[in-house]
Amino acid sequence: MSEQIINQPIISCRDVHKWFGQFQALRGIDMDVQKGEVIVIFGPSGSGKSTFIRTINRLEEHQRGTIIIDGIELTHDVRNIERVRSETGMVFQQFNLFPHLTVMENITLAPMRVRKWKREQADEVGMQLLKRVGIPEQAYKYPGQLSGGQQQRVAIARALAMQPKIMLFDEPTSALDPEMIKEVLDVMIELARSGMTMMVVTHEMGFARAVAHKMYFFDQGQIVESGTPDEIFKSPKEDRTKLFLSQVLSH
Amino acid sequence: MTTATVDRKILPPPIERYTVLGWVYKNLFSTWYDALLTLGSATVLYLVFAPMIGWAFTTAKWEVINANLRLLMIGQYPPSELWRIWACLYIAAIILGVSWGMWVRGSGGVGIALIVAPFFFMLFPSLELNDRLNLGGIVIAALAGFFIGRARGKSLSRLTTLSWIVYFPLVIFLVRGLNEEKQFFGVIGSNFWGGLLLTFLLTVVGIVFSFPFGVLLALGRRSSLTFVKMFCIIFIEVIRGVPFITILFMSQLVLPLFLPAGLTLDRVIRAMAGVIIFSAAYLAENVRGGLQAIPKGQFEAAEALGLNGFQTTIYIILPQALRAVIPILVGQFISLFKDTSLVAIVGLYDLLGISRSLLAQPDFIGRQPEVYMFISAIYWMFSYVMSYISQRLEVRMGVGER
């Protein structure tokens, strides 16, 4: 939006809390993300990092605090939720492609139904995106006929087709075989360098080192430590961060 | 032989070849207890079927079928309007032929059976010449469809699917007619529908109307709106907890009480209402099974893309859920086809009802075995074709599944 004030964060979270029954998954998360920033969130399993990224597009509902995305506050208002969702793309650990649709149909469905694009326009953009993620020749196959790495690249193209301002990645490489991780990370690195605002939950420290502007270490529903990759890797302040990094980087 | 360090040549898989005798030996007599079981089963089969076949070809008096063939097939449907039934059959033959040529391609046992069936009916001496010509014409139409389907391939896919969807409402329209006053293509009331025709119409109407109704009930049952959900649960559970025959009696006797004054429905329409209600409740539960099989990630992916609830249901959830339950739905439709024979109890002349009334005539007393054998064969033939088609459909729909 043109009237946006300079330096107003595109994602702004204040004191975000979330419970699953008695269990408190998020305990007061504060985070600001500027336009064009790449954020990496890491931490042990069960630390609330996936829950947090899913509150950003309301797949999970936060119960206390405020989340403002590009000037729109996430409340119970369905119109706000839909506006936020059409401005944020999400990539999942399990890809979640639609198995009954071809790759091209997966990509063009939302632009045609939500943005009301014509088929030709959607197909053209779809093909451009497939070229960008490196698999234009797979356009008319079904997801089940692709490898995991190809499926995840289709998922990225599908999310990009809605021309989002923010991309959310929830452990995008955790379900992939080692030799396929690189092809997905390459796409993500290219995306990061193109200036996309990204929030990535991942343990791929190489990716973080290469493109992250800021890293957040989550544990037990809280942000334990945050900083630039240099700060986090070279001089982590907290013991828990040191311990976790030593475990992740040891091999 | 090459050494282990060099890549070995890629070899074709070993071919297993048997002579007929070899096959018989391997599969039927390979051990002494195999031989014993083979001989035992052969004896049982012989003891059961030999008398039956002997009866069918010697003692049985098939004249009762021959004399009443028209009645059994179409009941009291006016002979002058028979062309409409033929039209339905011709259209079915063409669409079936195209589907067969396009999706199944090979001839296949059932494909041949479908071609042979009309010739079987030609055997009946009571048929007139034009009936025979029409039966032959249907075979030609089916074959023409087959070759068109095979030649044009998948380019007709969408059109054929659409034709099937349009076909069933079209049948109802053709059989019933259009205009109250006009002579040509006038309305033929449902009290004239009978025999196999009525059985078919009950099934077709049951399927066509219970399908959307059942899908809505299934979706409603998962709705977050309390009243919608309550209504759907109560409807489904009440109907499923009551025998079909009770629903048929209720639809005959109770339904008229709820209709506004002046509006009367004839008995066939009332029976159809019963069939639809019954079928919809079961269909809803089957579809719900399919809906529950959809992983949560599918909903999340659709939501994350900004699709609203309606779009998610139409484009993502239902196509997958329905595809998953096709075998179950076809099974349900086959049951429905056979269950419609219960309308004979409430006094309609479907295939079973008209048989019962035939057998009550003095001329045909004691001809129960022939008549019931004949209509069993008819029920079986159509059920088996439906079942076979659904198997092919499953194989075809399997393409691109996860």
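The values are calculated or read from the model by the stated rules, or taken from the named source; none is laboratory data. Please read these numbers as outputs of a predicted model, since none were measured by experiment. As a convention, Cβ positions derive from the backbone with ideal geometry for all residues, glycine included, and neighbour counts pool all protein chains shown. Heavy atoms of the whole protein, side chains included, go into the accessibility calculation; ligands, DNA and RNA do not. Shrake-Rupley method; radii C 1.70, N 1.55, O 1.52, S 1.80 Å.
Considering segment B:243-253, the residues that are without any contact (Cβ under 8 Å) to a residue 40 or more places away in the chain and open to solvent by 50 Å² or more (accessible area, probe 1.4 Å) include one that is nearest to the chain's Cα centre (by Cα), namely B:PRO243. Considering B:PHE209, B:PHE227, B:PHE235, the condition of being open to solvent by 80 Å² or more (accessible area, probe 1.4 Å), more than 22 Å from B:TRP164 (Cβ to Cβ), assigned to a helix (DSSP H, G or I) and of a type outside the set (Ser, Thr, Tyr) is satisfied by B:PHE227 alone.
Considering segment B:242-317, the qualifying helices (runs of 4 or more DSSP H), each wholly inside and each with 2 or more residues that are at pLDDT 95 or above and within 14 Å of chain A (Cβ to nearest Cβ), run over B:296-304. The residues in segment B:12-56 that are over 30 Å from B:GLU370 (Cβ atoms) and either of a type outside the set (Val, Ile, Thr) or surrounded by 10 or more Cβ atoms within 10 Å (Cβ to Cβ) (or both) can be counted, and the count is 25. Within segment A:138-149, is even one residue within 14 Å of chain B (Cβ to nearest Cβ) and surrounded by 22 or more Cβ atoms within 10 Å (Cβ to Cβ)? The answer is yes; a qualifying residue exists. The condition of being farther than 23 Å from B:LEU393 by Cα, outside any helix (DSSP H, G or I) and in the same structural domain as B:SER99 (by TED's automatic domain parsing) holds for only one of B:PHE184, B:PHE173, that being B:PHE184.
If you go through segment A:110-131 one residue at a time, do you hit one that is more than 14 Å from chain B (Cβ to nearest Cβ), out of contact with any strand residue (DSSP E or B) (no Cβ under 9 Å at 6 or more places or on another chain), farther than 18 Å from B:ILE316 by Cα and not in a helix (DSSP H, G or I)? Yes, the conditions are met somewhere in segment A:110-131.
Residues are listed down the side, and each one gets a yes or a no for (1) part of a helix (DSSP H, G or I); (2) touching a Cys at 6+ places or on another chain (Cβ under 6 Å); (3) surrounded by fewer than 12 Cβ atoms within 10 Å (Cβ to Cβ):
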{"site": "B:PHE121", "(1), (2), (3)": "yes, no, no"}
{"site": "B:PRO125", "(1), (2), (3)": "no, no, yes"}
{"site": "B:ALA141", "(1), (2), (3)": "yes, no, no"}
{"site": "B:PHE146", "(1), (2), (3)": "yes, no, no"}
{"site": "B:ALA151", "(1), (2), (3)": "yes, no, yes"}
{"site": "B:LYS154", "(1), (2), (3)": "yes, no, yes"}
{"site": "B:ARG158", "(1), (2), (3)": "yes, no, yes"}
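Pairs linking a residue in segment B:140-160 that is in the same structural domain as B:TRP86 (by TED's automatic domain parsing) to a residue that is open to solvent by 70 Å² or more (accessible area, probe 1.4 Å) and at pLDDT 85 or above, with Cβ atoms under 6 Å and 6 or more positions apart or on different chains, are B:ALA141/B:ILE94; B:GLY145/B:ILE94. Looking at segment A:38-100, the strands (runs of 3 or more DSSP E) lying wholly inside it that each contain 2 or more residues that are open to solvent by less than 20 Å² (accessible area, probe 1.4 Å) and within 14 Å of another protein chain (Cβ to nearest Cβ) sit at A:88-91.
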